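> Input: one structure, supplied below.
The values are calculated or read from the model by the stated rules, or taken from the named source; none is laboratory data. Small disclaimer: the values here were computed from a predicted structure and weren't measured. Glycine also receives a Cβ, built like all others from the backbone with ideal geometry; neighbour counts cover every protein chain displayed.
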Amino acid sequence: MKFVKHLSLTVLAAIFANSAIAEPVDAAARFAKLDRDSDGKVTLDELKAGMKKKPEAADKSLKAKDKDSDGSLSEEEFTAKPEKRPVDAAARFAKLDGDRDGKVTLDELNAGMKKKPEAADKILKAKDKDSDGSLSKEEFTAKPEKKN
């Protein structure tokens, strides 16, 4: 039994040693690796070369992070954390309200939550204060209540 446990731990260690779980990605080290000519900037070509699995995403990534619009990323731009965009709940409600009746139903929530349709039922239950099976704009846009 000890042999099986030892073998299992050895296999797991080998798997994790070759995965992203083994150690966090150091953005500064990644920048240095991508900056092949060591000019302090990562160009689109350098970014594409470093994104072997998805080079088509390099252009989008560059545009999102290139704050000074010079067509390349400085180390500061590269290592900066992405900014969170505030959610416009009223605009989201209008988009989800497919039949424009002023209510968002479970079906409308499911349709609008392509990535996580299973969450629609939880959202409806949590926000439907008048228990009518749909969300009014007021219910939808209301801030979540803080739990004590």
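> Can you pull out the residues in the stretch 41-56 that are outside any helix (DSSP H, G or I), within 19 Å of Asp26 (Cβ to Cβ) and modelled with pLDDT of 90 or more?
Lys41, Val42
> Also: Within the stretch 57-77, track down each residue that is hydrophobic (A, V, I, L, M, F, W, C) and at pLDDT 90 or above.
Leu73
> Moving on to the next point. Please state which of the following conditions Phe78 fails to meet, knowing it meets all the rest: (1) within 30 Å of Lys41 (Cα to Cα); (2) touching a residue at least 40 places away in the same chain (Cβ under 8 Å); (3) touching a Ser or Thr at 6+ places or on another chain (Cβ under 9 Å).
(3)
> Now for a different question. I need the strands (runs of 3 or more DSSP E) fully contained in the stretch 68-148, keeping only those with at least 1 residues that are surrounded by 15 or more Cβ atoms within 10 Å (Cβ to Cβ), touching a Leu at 6+ places or on another chain (Cβ under 6 Å) and not assigned by TED's automatic domain parsing to the domain that holds Asp45.
Details: elements: 72-74, 103-105, 134-136.
Fully inside the stretch 68-148 and qualifying: 103-105.
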